[in-house]
Amino acid sequence: MSRPLTPDSSPQPSPPPPVGLEGGEIQRSTLAETLATKLREQILSGRLVAGMPLPTERDIGLAFGVGRTTVREALRGLLAAGFVERRGKKLLVTDPKLVSEREIDHGAVAVKASIQEVFDTRRLLEVEGARLAAMNRTPEDLVALRGVLDRMNPADPEGYHSLDEEFHSLVMTASGNSILAQVYRATRQMFFKGPAFWRVFGQLSLADGAPPPVVGGRHSHEKIYQAIDARDPQQAARVAQEHLSRVERALVERIGRTDSRLAPAP
């Protein structure tokens, strides 16, 4: 990893890039996305030849002057879009002719990686939160959850999204684990408003004059509530897992359907 520069330090000469990879400076404001774009360009141009192993994370980081976390995020995007494929411990460059045009035009790379990261994290927190809620919930917790469910209306997407966030936060509170609930409250903005895929849906809504889509549905929340009410921790964990996976799949499918509509004009 290259040494970060301080205001008083001078740039250090970069080591030569590995054979087959052309390095260069990139903007740090959108580091992972910019790196993914530059790697895609080198794949599409043939500089990185189809079938060849991609340079190591260390070599890529040295070539572009970025850290391994940035490199890994960019590579997850390339994997999601099909520009590289995993063979054992290596990543091999895919024939760019096999990559669909919509992936290239829209840059769904970062979007799909964003969805996966968000829902991997939500599963870690919320499945366990639902399991604990079924064991530790109070009558007051059930009243609060029921109240939110009764107000969830898919015909009102803006209100629905707000109540969706509130429902999941109440489940974490009902878990009885104050630290888990506090961690969730502190990070939930990243789950419901921050990720790149919600910005994509925002663009679509502006283009259509329609509100953001409702995914998941009230029925899934009802099943989580019923398992918590029944004090069935295994069922609560299972339906929470199913709910999150269903929402994740719906988002990925919607990204696929909207790529061409959001692609920039040539």
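Remarks
- Sorted ascending by nearby beta carbons within 10 Å, beginning with the fewest, 228, 179 become 179, 228.
- Note on residue 120 and residue 149: the extension gain reaches 8.0 nm, defined as 0.36 nm multiplied by sequence separation minus the Cα-Cα distance.
- Charged neighbours of residue 173, selected by a Cβ distance under 11 Å, balance to -1 (K, R count +1; D, E count -1).
- Put in line by how crowded their Cβ is, counting other Cβ atoms within 10 Å and starting with the fewest, 152, 52 read 52, 152.
- Stretchable slack from residue 165 to residue 192, in nm (0.36 nm times residue separation minus alpha-carbon distance): 9.0 nm
- Each residue of region 56-66 was assigned a 3J(HN,Hα) from its phi angle through the Karplus expression (A = 6.51, B = -1.76, C = 1.60, θ = phi - 60°), giving 5, 4, 5, 5, 5, x, 5, 5, 10, x, 10 Hz with x at Gly and Pro.
- Residue 179 versus residue 44: modelled label distance in nm, points set 7 Å from Cα along the beta carbon direction: 4.7 nm
- A full extension of the chain between residue 56 and residue 95 corresponds to an added length of 12.1 nm, given 0.36 nm per residue minus the alpha carbon distance.
- Distant-in-sequence amide H partners of residue 91 (H built 1.01 Å from N, under 5 Å): 54
- For the pair residue 156 and residue 246, label points projected 7 Å from Cα toward Cβ lie 2.2 nm apart.
No value in this document is a laboratory result; all are computed from the given coordinates. Quick caveat, the model's predicted, so the values are computed rather than measured. When we count neighbours, we look across all protein chains shown, and the Cβ atoms used for this are built from the backbone with ideal geometry, even at glycine.
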